[in-house]
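Taking it in order: structure first as structure tokens, then the write-up.
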Amino acid sequence: MSVDKLRLKNLYMEGQLTPLPQPLEDWHVPQTITQLKAESGHDACVQQAEESNRMPKWKKWGISLIPTKFGLSFATSVHLNQAGALVHIYNHGSVLLARGGAEMGQGLYTKMC
């Protein structure tokens, strides 16, 4: 079984409960992944990477499509489900953005820009 098929088998299905426990309603992730793979030519890229990896001994290529779910929710404490940012716009045109959060490789700084 390919890694992609295994990942698709292990996806949540609509109606399942998350550990929080919240039911997944209006859940389109399996269809989105299938559409993304088709429109991006993912399978052809995987095949190309596999072919490229046959020759060189030390240099290898890889490609993957990894669905990720990150839920931060406080189901019983709605007041905790909020965030804020302080935006200063100065007269000379510069902007200062102060936010709560830590850049851990997820692109927080880029997303805030």
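The values are calculated or read from the model by the stated rules, or taken from the named source; none is laboratory data. Keep in mind the model is a prediction, meaning the values are calculated, not measured. Cβ: placed from backbone, ideal geometry, glycine included. Neighbour counts: every protein chain shown.
A few comments on the model shown:
- Looking at A85, A49, just one residue is more than 30 Å from L6 (Cβ to Cβ), modelled with pLDDT of 80 or more and surrounded by 10 or more Cβ atoms within 10 Å (Cβ to Cβ), and that residue is A85.
- Output for segment 1-27, where each listed residue is surrounded by fewer than 11 Cβ atoms within 10 Å (Cβ to Cβ) and among the charged types (D, E, K, R): K5, K9, E25, D26
- Residue check for K57: over 22 Å from the mean Cα position of the chain (by Cα) and modelled with pLDDT under 85: yes
- Residue among P67, P30 that alone is assigned to a loop (DSSP other than H, G, I, E, B) and surrounded by 12 or more Cβ atoms within 10 Å (Cβ to Cβ): P67
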